[in-house]
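A short worksheet on the structure shown next.
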Amino acid sequence: MNTDVKIQQGIDTYCLFTPLTYKSKEAIFNALKKLPGFRTLESNYYLDRYHYASNCFEENGIKLDIQSYSAVGWSLKVRLKPSIVLKAKNPWALYRPTRKNYKMIVDKTDAILEKVEVPCSINEMSICRLDVTKNLIFDKKELVQIYLRQHRAMA
């Protein structure tokens, strides 16, 4: 077993999606506009494309996007950093799901999203993105340079 490098594997971020009715979109939109961190990313009447984002819950590991593209309708995307939602000691720690910590994520996130009138639990949303990551932790800094040189040579 090589002790010069440790490998950690898990989930860094994941994104959930749910369609919204116009009424739900308006309720969330109006609640988010009152909080800091709300911004318009795209507002194009001619192309019927709208995209709004909020990072008002970023310290809790949650970012929100409300968007509508042409005839698709309105939707909400919830981006989660599980280690931050769970208040891990290391915010860069990778999430390794268990039933217990998943329930904690659902409970904490739902409580926060209720504040902006999100109409459903994250447990009812579809996962649309999952960033699975491996962290390599080297015991010696010289090994990092060797690894990077070898990695570049193989690319």
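Only a single criterion out of (1) under 16 Å from the mean Cα position of the chain (by Cα); (2) modelled with pLDDT of 95 or more; (3) loosely packed, with under 15 Cβ neighbours inside 10 Å is not satisfied by PRO91, namely (2).
Before we move on, is SER75 within 30 Å of TYR46 (Cβ to Cβ), loosely packed, with under 11 Cβ neighbours inside 10 Å and among the hydroxyl-bearing types (Ser, Thr, Tyr)? Considered against the rule, which asks whether it is within 30 Å of TYR46 (Cβ to Cβ), loosely packed, with under 11 Cβ neighbours inside 10 Å and among the hydroxyl-bearing types (Ser, Thr, Tyr), SER75 comes out as no.
On the given criteria, is ARG49 of a type outside the set (Val, Ile, Thr) and at pLDDT below 95?
Details: of a type outside the set (Val, Ile, Thr): yes; at pLDDT below 95: yes.
So ARG49 passes the test.
Residue count for the stretch 138-155, restricted to those that are hydrophobic (A, V, I, L, M, F, W, C) and surrounded by 10 or more Cβ atoms within 10 Å (Cβ to Cβ): 5.
From the list PHE17, PHE57, the one residue that fits, being at pLDDT 95 or above and either within 16 Å of ILE112 (Cα to Cα) or of a type in the set (Asp, Glu) (or both), is PHE57.
Take the conditions at pLDDT 95 or above and under 12 Å from the mean Cα position of the chain (by Cα) and apply them to LEU80. Does it pass? Working first, answer last.
Working: at pLDDT 95 or above: yes; under 12 Å from the mean Cα position of the chain (by Cα): yes.
Spelling it out, LEU80 is indeed at pLDDT 95 or above and under 12 Å from the mean Cα position of the chain (by Cα).
Can you pull out every residue in the stretch 1-32 that is farther than 12 Å from LEU64 by Cβ, free of Cβ contacts under 8 Å to residues at least 40 places away in the same chain, outside any loop (DSSP other than H, G, I, E, B) and not acidic (Asp, Glu)? Across the stretch 1-32, the qualifying residues are LYS23, ASN30.
What number of residues within the stretch 33-73 satisfy the criterion of being part of a strand (DSSP E or B) and aliphatic (A, V, I, L, M)? Please lay out each step first, then the result.
Taking the stretch 33-73 first, the residues part of a strand (DSSP E or B) are 38-44, 49-54, 62-69.
In the following step, the residues that additionally are aliphatic (A, V, I, L, M) were identified as 41, 53, 62, 64, 66.
Within the stretch 33-73, residues that are part of a strand (DSSP E or B) and aliphatic (A, V, I, L, M) number 5.
Conditions tested, residue by residue: (1) free of Cβ contacts under 8 Å to residues at least 24 places away in the same chain; (2) basic (Lys, Arg).
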{"position": "TYR45", "(1), (2)": "yes, no"}
{"position": "ARG49", "(1), (2)": "yes, yes"}
{"position": "ASN55", "(1), (2)": "yes, no"}
{"position": "LYS63", "(1), (2)": "yes, yes"}
{"position": "VAL72", "(1), (2)": "yes, no"}
{"position": "SER75", "(1), (2)": "no, no"}
{"position": "LYS81", "(1), (2)": "no, yes"}
{"position": "LYS89", "(1), (2)": "yes, yes"}
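Does ALA93 fit the bill of being aliphatic (A, V, I, L, M) and either under 14 Å from ILE11 (Cβ atoms) or in contact with a strand residue (DSSP E or B) (Cβ under 6 Å, 6 or more places away or on another chain) (or both)? For ALA93, the condition - aliphatic (A, V, I, L, M) and either under 14 Å from ILE11 (Cβ atoms) or in contact with a strand residue (DSSP E or B) (Cβ under 6 Å, 6 or more places away or on another chain) (or both) - is met. Of everything in the stretch 21-64 that is among the basic types (Lys, Arg) and under 19 Å from the mean Cα position of the chain (by Cα), the residue that is surrounded by the most Cβ atoms within 10 Å (Cβ to Cβ) is LYS63.
The values are calculated or read from the model by the stated rules, or taken from the named source; none is laboratory data. What you are looking at is a predicted structure, and each value in this text was computed from that prediction instead of being measured. Every residue, glycine among them, receives a Cβ derived from its backbone with ideal geometry; neighbour counts consider all protein chains shown.
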